[in-house]
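The values are calculated or read from the model by the stated rules, or taken from the named source; none is laboratory data. Keep in mind that what you see is a predicted model, and the values were worked out from it rather than measured. Neighbour counts run over all protein chains shown; Cβ positions are idealised from the backbone, glycine included. With ligands, DNA and RNA removed, areas are computed over all heavy atoms of the protein, side chains included. Shrake-Rupley method; radii C 1.70, N 1.55, O 1.52, S 1.80 Å.
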Amino acid sequence: QVQLVESGGGLVQPGGSLRLSCAASGSISSIDRMGWYRQAPGKQRELVAVIVSGGSANYADSVRGRSTISRDNAKKTVYLQMSTLRPEDTAVYYCNVRKIFEGVDYWGQGTQVTVSS
């Protein structure tokens, strides 16, 4: 079993920055994919950024250039640094781990990010 605990969300002004963290417990391998998704009210959950073994990362077009995803395999933690935040970034952000061999997804409980003045 894998458990994920997110932190770092909150209220931030437009143009501001924040860093989300997700600490995993349980069986996590460095080859497992880790990432972030988000869901705004009335919208479907969407991928924000994912990072795979070796550090290769993919970003949604909407956040590319404003966000950096990173992981610390020793700490089983994935981070999302976001800058130049916009009101449309407001959403609940969910941490995700995909166990590559098992083909199973695990989700955190979500952390609210609100971008507003």
Taking Lys75, is it over 15 Å from Glu6 (Cα atoms) and either of a type in the set (D, E, K, R) or in contact (Cβ under 8 Å) with a residue 60 or more places away in the chain (or both)? no
Across the stretch 9-46, the tally of residues that are farther than 17 Å from Arg86 by Cα, open to solvent by 40 Å² or more (accessible area, probe 1.4 Å) and under 14 Å from the mean Cα position of the chain (by Cα) stands at 2
The residue from Ser117, Ser56, Ser29, Ser67 that alone is in contact with a Pro (Cβ under 7 Å, 6 or more places away or on another chain) and either at pLDDT below 95 or within 19 Å of Gly9 (Cβ to Cβ) (or both) is Ser117
Output for Cβ contacts, cut-off 6 Å, separation at least six or different chains, first residue under 19 Å from Asn73 (Cα atoms) in the stretch 94-112, second part of a strand (DSSP E or B) and of a type in the set (Asp, Glu), reads Cys95/Glu6; Arg98/Asp105; Gly108/Glu6
Selection from the stretch 80-117 of residues outside any loop (DSSP other than H, G, I, E, B), open to solvent by 40 Å² or more (accessible area, probe 1.4 Å) and of a type outside the set (Asp, Glu) yields Gln81, Pro87, Arg98, Val104, Tyr106, Trp107, Gln112, Thr114
Exercise. Could you please let me know if Val50 is surrounded by 14 or more Cβ atoms within 10 Å (Cβ to Cβ) and closer than 16 Å to Gly9 by Cβ?
Key: no
